[in-house]
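What follows is a single structure, written as C-alpha cells, with notes after it.
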Amino acid sequence: MPKIVDHAARRDEIARAACRVVARRGLDGLTLRDVAAEAGFANGALKPYFPTKTELARATYTYVFEQTNRRIDRSVAGAHGLVALERFAREVLPLDAERLDEARVVLPFWQLALHEPGLAEINDGAMLTWRGRMRSWMREGMEAGEVRPELDVASAVESLLNFLLGAQGAAVLDTSFNSVEDLERQLQVQLGHLRPRARPGP
C-alpha cells in the first residue's frame with residue numbers, strides 16, 4: 001500500500017528547513033539542493049512543491065510571518081489596548097533566538113522583494129494586517145485612557161511599526177547597541193510616547 005503524504009505538512013516542513021538555511025547562510029544558501037539536504041530529503045524531492053527559488057523564498061517568508069502571527073494570537077488572547085499592543089511588539093522584536101532567526105530571514109527577503117513584485121505584495125499584505133491590528137489596539141487604549149487622546153493614531157502606528165522593523169535589522173547587524181535588554185528599554189521609550197503626559201503638580 002503506497003504511503004500517504006500530507007502535502008501541506010510537507011510544504012511546512014520544507015519551509016521550516018528553508019528558514020534555518022537562510023538564517024545561517026542568507027539567500028545564497030537558499031538552493032533547492034541545500035534545503036533538501038537540511039530537511040533530509042533526496043535531491044529533487046522539493047521540485048513538486050517549489051519548482052523555483054522564488055517560489056521557495058515566497059513560502060519561506062510566508063511561513064515566518066504565519067509563525068509570528070500564531071505567537072501574536074496566543075500572546076494577545078484576551079488582551080486589549082496598550083497591553084495587547086505591547087505583547088504584539090514583543091512577539092515582533094527579536095528578543096530570543098527564534099525571533100532573531102526570523103529577523104535573519106526577513107532581512108534578505110526585503111532585498112529580494114525590491115525586485116520581485118509578487119514578493120513585495122506578500123510583504124505589503126503582512127504589514128497591512130499588522131497596521132489594522134495596531135490601530136485597533138491603539139484606539140482601545142484611547143478609550144481606556146491608556147493612550148493620549150490627542151494622538152494621531154495613523155502616525156503613531158507607523159512610528160511604532162518602523163521601530164519594530166528597524167529593530168529586526170539592528171539586532172542582526174548592530175548587536176552592541178541592540179541586545180535584548182537594549183530592545184526592551186527602547187520599546188518602553190516607544191510606549192511612553194503613547195501614554196498620557198503626567199500633569200504638573202500644583
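The values are calculated or read from the model by the stated rules, or taken from the named source; none is laboratory data. Fair warning: this is a prediction, and the values are worked out from it, not measured in the lab. As a convention, Cβ positions derive from the backbone with ideal geometry for all residues, glycine included, and neighbour counts pool all protein chains shown. Quick note on the areas: whole protein, heavy atoms, side chains included, nothing else; ligands and nucleic acids left out. Shrake-Rupley method; radii C 1.70, N 1.55, O 1.52, S 1.80 Å.
Remarks
- Positions within the range 119-145 being small (Gly, Ala, Ser), open to solvent by 30 Å² or more (accessible area, probe 1.4 Å) and in contact (Cβ under 8 Å) with a residue 24 or more places away in the chain, in sequence order: ALA144, GLY145
- A search for C-beta distances below 6 Å between a residue of the range 6-17 that is part of a helix (DSSP H, G or I) and open to solvent by less than 50 Å² (accessible area, probe 1.4 Å) and any residue that is among the charged types (D, E, K, R) and modelled with pLDDT of 85 or more, counting only pairs 6+ apart in sequence or on different chains, returns ALA17/GLU38.
- Single match in THR60, THR52 (criterion: on the phi < 0 side of the Ramachandran plot, surrounded by 15 or more Cβ atoms within 10 Å (Cβ to Cβ), free of Cβ contacts under 8 Å to residues at least 60 places away in the same chain and among the polar types (S, T, N, Q)): THR60
- Positions within the range 83-96 being within 11 Å of ARG133 (Cα to Cα) and either in contact (Cβ under 8 Å) with a residue 60 or more places away in the chain or in a loop (DSSP other than H, G, I, E, B) (or both), in sequence order: LEU85
Let's see how each residue does on (1) polar (S, T, N, Q); (2) in contact with a helix residue (DSSP H, G or I) (Cβ under 9 Å, 6 or more places away or on another chain):
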{"site": "GLU98", "(1), (2)": "no, yes"}
{"site": "ARG104", "(1), (2)": "no, yes"}
{"site": "LEU107", "(1), (2)": "no, yes"}
{"site": "GLN111", "(1), (2)": "yes, yes"}
{"site": "GLU121", "(1), (2)": "no, yes"}
{"site": "LEU128", "(1), (2)": "no, no"}
{"site": "GLU146", "(1), (2)": "no, yes"}
{"site": "VAL153", "(1), (2)": "no, yes"}
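- Any hit, the range 170-184, residues being more than 21 Å from VAL76 (Cα to Cα), of a type in the set (Ser, Thr, Tyr) and not in a helix (DSSP H, G or I): yes
- Every residue from the range 68-82 that is open to solvent by 60 Å² or more (accessible area, probe 1.4 Å), in a helix (DSSP H, G or I) and in contact (Cβ under 8 Å) with a residue 12 or more places away in the chain: none
- When the residues of the range 139-169 are filtered to those that are among the charged types (D, E, K, R) and in a helix (DSSP H, G or I), the one that is nearest to the chain's Cα centre (by Cα) is GLU158.
- Test: residue in the range 44-67 that is over 20 Å from ALA113 (Cα atoms) and assigned to a helix (DSSP H, G or I): no
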